[in-house]
Each structure stands twice: as C-alpha cells, then as structure tokens.
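Asker: This is the structure I have questions about; it appears just below.
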Amino acid sequence: MKLPLIFLATCVVAHAADSLSPLKEVPQNVTELWAGYDPQKEPLRTEVVREWEEDGVVVRYLRYYIGTFKGKPAWMAAFYAFPKSAKNLPGVLHMHGGGQRANLTLVKFHASQGYGALSVNWGGKPMEGARPGEANTDWGAVDPTQNNVQGYFNLLPGVKFLDAQESPRNCNWFLITLGCRRGLTFLEQQSEVNGKRLGIRGHSMGGNLTMYVAGSDSRVKVASPSVGGSGYRTYARYGLLPQIRKVTGDLELFRRTMGYQFYAPRITAPLLHLGASNDFHGQMDATYATGARVSKKVPQRFVFAPHFNHRFYPEQQVSRILWLDQHLKGGVKLPETTVSELKLKSIPILRVTPSKELPVNRVDIYYSVDPDSRSRFWRDTKATQDEGSWEAQLPVMDLKRPLFAFANIYYQLPKPAALPRNQQVEEVCISSLFHEAKPEALEEAGVKTSGRTERVIDDFKRGFHDWYALGGNQRPLWQYWTRKVTDPKWRGPKGAKLALTIQSEQPNVLGMVLHENTWRRYRGKNRTYVAEVKLKGGTAETVTLGLGDFKNVTDGVPLKNWEQLDELGLVANTTIRGAKPIEVAADPWQGPQPVFKRLEWQLKD
C-alpha cells in the first residue's frame, strides 16, 4: 500500500555556519582527527520523500541533513524500514560498496527480522525506484563520491575538498564516515529504535566505512565489515607492490589518520570480519593483521569463503546476520574462534580444536605457498579427527616459498537461519586464525621438502571442492573456476596438453577459459585465452587441447605456455569484458549440467 507524500521536517535554506571549524592545527592521528566532531550536536533535519508498507514493514525513502561544508548544506539519501507498530527495536546501519547504492532489499530484510534498518546512499547513485525529480544525496560544495576518485587517497586542498591546506579532512573517507555517523544519529532518534542497541555493516568500500565508523563512534555496539577495512594498504609484502601505490600528500600522515590499522585499536564493539580468501580489496592477510590490532578484550571473529573473490557462500554470509542478532537481540551465540596451531615439523601440521558451543559438522583445513593473497590457490588437505581436534599435514615442495594456513569449521545451527531473498541456512562457518611461516622459519625448523607435482588437476570425486561456482542456479549460465593451475603442484608441464573427460546429455558447446597473470601485472600482462569445445553428447568423451587451441581474446594469438596461468574456467556461457565484450559458448546450453569426470595434463610417453 502506498501512502501519501509526508514531510517530517524539511530544511531548504543553506546554513550560514559550517559544521566543522577551520583547522588551527592539522590532525596528526585518528584521535586528533575526530576530537572536534560531535555527530549529535547539530539538529538532524529529515525529509521523507516517500513512504509505503509491504508485508507489515514500513519503508521510507528519505534524506537527512549531514552538515554544512564550505557554506553549503549536504544531504544524505537513504532507505529506512521497520516493522509496523514495533517499539524498542535494535537498529542497524548499512553502508553500500563502491559503484552501488542504498539497498532496499536489505533494509526490508532486516526490518522483517525485527530491526530498524537504515541503508545510506553515500555514493549518490539514483535510488532504487526513484521517480523523476525525487531528491537524492547532495554533498553540496564538497564531493567524496566516486565522481572524485582521487579523493580517496588525497590529503591536499582542492575545489571539492574541505580544507584549504594539507589535511586528512581532505580525504573522501573522512566526510563519508562523518555522513554515516550522522546515520547513527538518525537511527537513535527514531521512536521505534533503542539508541543503545545500534549495529553497523558494510561491504567492500562499505566495509572500509564500517571500520572507520566503529573506530570513531562509541555508539556502535556491534560491527561487521566484509571484504573491506583491511589495513596496511600502502605497505609491500614479499616484494609485491602495495595495494595503494600513490597517495597525494604526506604518506605517513595518511597512514596515521586513514589507515584502518590505526582505527582497529579504538574499536570497542564486537567485530566480525567477513571475507573471501582471494579478495582483491579486503585482502586476507591484511584483514587478519588488522584484526590483530583490536584489543583482546573485544570479541572478534573471522569468516572466510574459500576460493572466492568479493563474495561468499551462504554458510559464511549468515555469520554476519547471526553476529548482529547475538549482540543486539540475544540470539544464538556464535562459537569462539577455534584454537589452532601450526607445527613446523619435517612435514608441517595444522592442528585445530573447535569450540564446543555448537555441534561440529565438518572441518576443512587449507594451506598455500603463494605470497599473493589475491591469486593463491588454497590446497585442501584431508583433516583427521583425534577426539575433539582435527589436524592435517601440509607438505611443501620448495622451502623458498612461504607457507600459509587456516581452517574453516562448519557448525550445525539449532534451527535454520534466514538470509535475504528467502534463503534458509542450516550451518554457519567460523574460520580459525591465520598462520604464516616464512621461508627462513621453515628452514630453521628443519622442514623437509616432500610431495610431488600432479598431472591430475581434478578427478571430481569431491565435486567442485577446489573450485568456485558462478551462475550455478541458472542452468544455461553455470561457470566453474579454479586456481589450481597457478600452484606449482598442478602447473602445466612443458609440452603437455590439457585433457578433459566429460559427459554431456546432449550435444553442446563448452567454453574453456584461461586467465594469465590475474592480479599479477608485476609478472606480465593480464591476458585471457579461450577455446570452445564441441561435445557430441550421450556418452563420456575426452577432449584434448594444446596451447594452439587457446586463442587470446584480444588479438587471436595462441597461448605460448602454461607457466603464467592463474585461473581455469569451464563455462556454459560467459562474457569476457573489455573494450569489445566477447561472448564465450554463445549457444544456450541444452539439458542438465554435464558430469565432469577428469581434468589432467597429458604428456607423450
């Protein structure tokens, strides 16, 4: 049911006085940066653009006053939702990621679960379902959106920046964080919300904001960033280029005032980091390193989806919902972080002892020898159970490579938990701490080289355990990807061919895609090669492809060798993005998904 347009309060006149005083001294750390700002001080004027009801949930499309900067007012558009006639609700603030917008689906979901939920539109993109002329975010005289990209790593003055001198307040993140903190003020002032029970969440760039807000606002009672908010982005590791290679202004000042590792010690709210093991943005190693700076008095969990980049499986995704419920509604208590130990013996061992709060369904132990967290393949090794603990051997073939390891523990939930879009999840994943041993530590401990290269990439006896799936619920669009081919254990030998044994119910065209130097421009150009395979259908068949069968999507040049491959994909259909998008296996897939039986490297005897 749609209700008439309602205005709770409107402010259309520019404020004469700025919300922030001119700088007397440039802030030198996080404490100084936020010392002079009170997000509750200025009146919070709210403009309701539109209001309606859906399934017992009241939804408002609104704007609230952020503040006045350089003489012009700034307004934040948002969606706000709550269950009708409810009182004393916990509140949750959602901050969207880069290129995204306020999330209507998410606020309606949280409202259906008993929250007052606010999703802010800090990036200013058109609001979902907005009608012509309806109000949106307006930053006034400043611009911290992605229309001003250089501002995320900038301290210097400029037309769209706040201060007339070099200052961390000229960094986009400062103003967006301020705007989100005003979102907390909005929530605590709503009659149906208990302002003492506020949680925050955000994905990607929203994960960054989650860490900034949690580290600067004591009203936050629980926080969960995902694939964002990982510190040390301007530092190099293992000789790799830093994640951020250029800061405009004083690099050390930027680190001290905008580095997430300096916000982490200030966080007092329970914190759950939701991540993907191969994320390009919230990199795994840095996430754990940032979490290590959080006080041990603060409850903290890490949850990582194996093989994924910037997304999760439901068992990981649900952990954040349960974390918010636990600390704002007294819901199911998530298990404590697993006790884990990396033992450097002749063959290294990772031993984990799961928490006992919930029944353990399974334990997966992963390890890798690749220093680049974005492209590393996580080897899964068989974990054996000994009473209440699990352990697995981690054989390494080269002592000049570092060793990384972690475990995922899957716990049975007392009852299914809800996710958006009517999903139900019966178990939750909690990750162990992250373990790392540098080459010198391996040598000092007397670790011996063991294991050997493998020609069989996968026999699929465990399905796609070493792969990640895309489009799996859409029959004509399924894709399966693995990074096994980047691991020296499974890298294609010189002179080898790639052989796939597969059974398709009907004749079809299968796409095979190879990515070279994914995220590894320090090693060479990022290239994509494609081969299309015609399947006869009916019985199992083996297709064999050599280097010349894979053509570069840009210039048609054949693949020269297997040495710099990072990903291999088996796809029913996909589009390779670029200046001229290329569709792979364009004909719709006929029949059910095929049965994959074996993928291996073949060499002539």
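The values are calculated or read from the model by the stated rules, or taken from the named source; none is laboratory data. Just so we're clear, the structure is a prediction, and the values are computed from it rather than from any experiment. Backbone-built Cβ (ideal geometry, glycine too); neighbour counts: all protein chains shown.
Asker: Could you tell me which of the residues Arg311, Arg293 is among the charged types (D, E, K, R) and more than 30 Å from Asn29 (Cα to Cα)?
Answerer: On the way: Arg293 fails: more than 30 Å from Asn29 (Cα to Cα).
Exactly one of Arg311, Arg293 is among the charged types (D, E, K, R) and more than 30 Å from Asn29 (Cα to Cα), namely Arg311.
Asker: Of the residues Arg233, Arg293, only one is within 22 Å of the chain's Cα centre (by Cα), closer than 27 Å to Tyr366 by Cα and surrounded by fewer than 18 Cβ atoms within 10 Å (Cβ to Cβ); which? Outline the logic, then answer.
Answerer: Details: Arg233 fails: surrounded by fewer than 18 Cβ atoms within 10 Å (Cβ to Cβ).
Result of the check over Arg233, Arg293: Arg293.
Asker: Let me ask something else about it. Quick one: would you say Ala111 is within 23 Å of Ala223 (Cβ to Cβ), modelled with pLDDT of 95 or more, in contact with a strand residue (DSSP E or B) (Cβ under 7 Å, 6 or more places away or on another chain) and in a loop (DSSP other than H, G, I, E, B)? I'd like the intermediate steps shown before the answer.
Answerer: Values: within 23 Å of Ala223 (Cβ to Cβ): yes; modelled with pLDDT of 95 or more: yes; in contact with a strand residue (DSSP E or B) (Cβ under 7 Å, 6 or more places away or on another chain): yes; in a loop (DSSP other than H, G, I, E, B): no.
No, not satisfied.
Asker: Step by step: first the residues of the range 462-493, then only those that are modelled with pLDDT of 95 or more and farther than 18 Å from Asn278 by Cβ, then the one that is surrounded by the most Cβ atoms within 10 Å (Cβ to Cβ). Which residue is that?
Answerer: Looking at residues that are modelled with pLDDT of 95 or more and farther than 18 Å from Asn278 by Cβ, I get Gly492.
Asker: Still on this model: When residues of the range 218-233 are filtered for being of a type outside the set (D, E, K, R) and part of a loop (DSSP other than H, G, I, E, B), how many remain?
Answerer: Here is the first cut: in the range 218-233, the ones of a type outside the set (D, E, K, R) are 218, 220, 222-232.
Checking the rest, the ones that are also part of a loop (DSSP other than H, G, I, E, B) come to 218, 227-232.
Number satisfying all stated conditions: 7.
Asker: Next up: Filter the range 426-446 down to the residues that are under 11 Å from Gln316 (Cα atoms) and touching an Asp or Glu at 6+ places or on another chain (Cβ under 9 Å) and list them by number.
Answerer: Filtering the range 426-446 down to residues under 11 Å from Gln316 (Cα atoms) leaves 427-431.
Those that are under 11 Å from Gln316 (Cα atoms) and touching an Asp or Glu at 6+ places or on another chain (Cβ under 9 Å): Glu427, Val428, Cys429, Ile430.
Asker: Sticking with this one: In the range 132-169, how many residues are touching a residue at least 40 places away in the same chain (Cβ under 8 Å), part of a loop (DSSP other than H, G, I, E, B) and charged (D, E, K, R)?
Answerer: Here the count works out to 3.
Asker: Checking the condition farther than 27 Å from Gly282 by Cβ and among the hydrophobic types (A, V, I, L, M, F, W, C), which residue from Leu477, Leu500 passes?
Answerer: Values: Leu477 fails: farther than 27 Å from Gly282 by Cβ.
Step by step, each of Leu477, Leu500 is checked, and only Leu500 is farther than 27 Å from Gly282 by Cβ and among the hydrophobic types (A, V, I, L, M, F, W, C).
Asker: Still on this structure, please answer the following. When the range 236-260 is examined, which residues are found to be buried (at least 17 other Cβ atoms within 10 Å of the Cβ) and part of a helix (DSSP H, G or I)?
Answerer: Scanning the range 236-260 gives Leu253, Phe254, Arg255, Arg256, Thr257, Met258, Tyr260.
Asker: Hey, could you check the range 337-366 for residues that are acidic (Asp, Glu) and surrounded by fewer than 17 Cβ atoms within 10 Å (Cβ to Cβ) and say which is nearest to Leu394 (Cα to Cα)? Steps first, answer last, please.
Answerer: Going through the range 337-366, the residues acidic (Asp, Glu) turn out to be 341, 357, 364.
If we keep only those that are surrounded by fewer than 17 Cβ atoms within 10 Å (Cβ to Cβ) as well, we get 341, 357.
Details: Glu341: 13, Glu357: 28 Å.
Ranking the qualifying residues of the range 337-366, first place goes to Glu341.
Asker: Also, quick follow-up: What pairs can you find where one residue is in the range 584-605 and among the hydrophobic types (A, V, I, L, M, F, W, C), the other is assigned to a strand (DSSP E or B) and modelled with pLDDT under 95, and their Cβ atoms are less than 7 Å apart, with a gap of 6+ or different chains?
Answerer: Every condition considered, the pairs that remain are Val584/Thr574; Val584/Ile576.
Asker: Among the residues of the range 367-399 satisfying the criterion of being among the hydrophobic types (A, V, I, L, M, F, W, C) and over 24 Å from the mean Cα position of the chain (by Cα), which is surrounded by the most Cβ atoms within 10 Å (Cβ to Cβ)? Walk me through how you get there before you give the answer.
Answerer: Keep residues of the range 367-399 that are among the hydrophobic types (A, V, I, L, M, F, W, C), which gives 369, 377-378, 383, 390, 392, 394, 396-397, 399.
Restricting the remaining residues to those that are over 24 Å from the mean Cα position of the chain (by Cα) gives 383, 390, 392, 394, 396-397, 399.
Values: Ala383: 19, Trp390: 24, Ala392: 22, Leu394: 28, Val396: 22, Met397: 13, Leu399: 16.
Filtering first and then ranking leaves Leu394.
Asker: Of all residues in the range 200-216, which are in a loop (DSSP other than H, G, I, E, B) and over 14 Å from Leu175 (Cα atoms)?
Answerer: Just the residues of the range 200-216 that are in a loop (DSSP other than H, G, I, E, B), to begin with: 204, 215-216.
Ser204, Gly215, listed by residue number.
Asker: It is to be established whether one or more residues within the range 440-447 are buried (at least 21 other Cβ atoms within 10 Å of the Cβ) and either part of a strand (DSSP E or B) or without any contact (Cβ under 8 Å) to a residue 12 or more places away in the chain (or both). Step through it out loud before you land on a result.
Answerer: Restricting attention to the range 440-447, the residues satisfying the condition of being buried (at least 21 other Cβ atoms within 10 Å of the Cβ) are 442, 447.
Among the residues that remain, those that are also either part of a strand (DSSP E or B) or without any contact (Cβ under 8 Å) to a residue 12 or more places away in the chain (or both) are: none.
No: zero hits.
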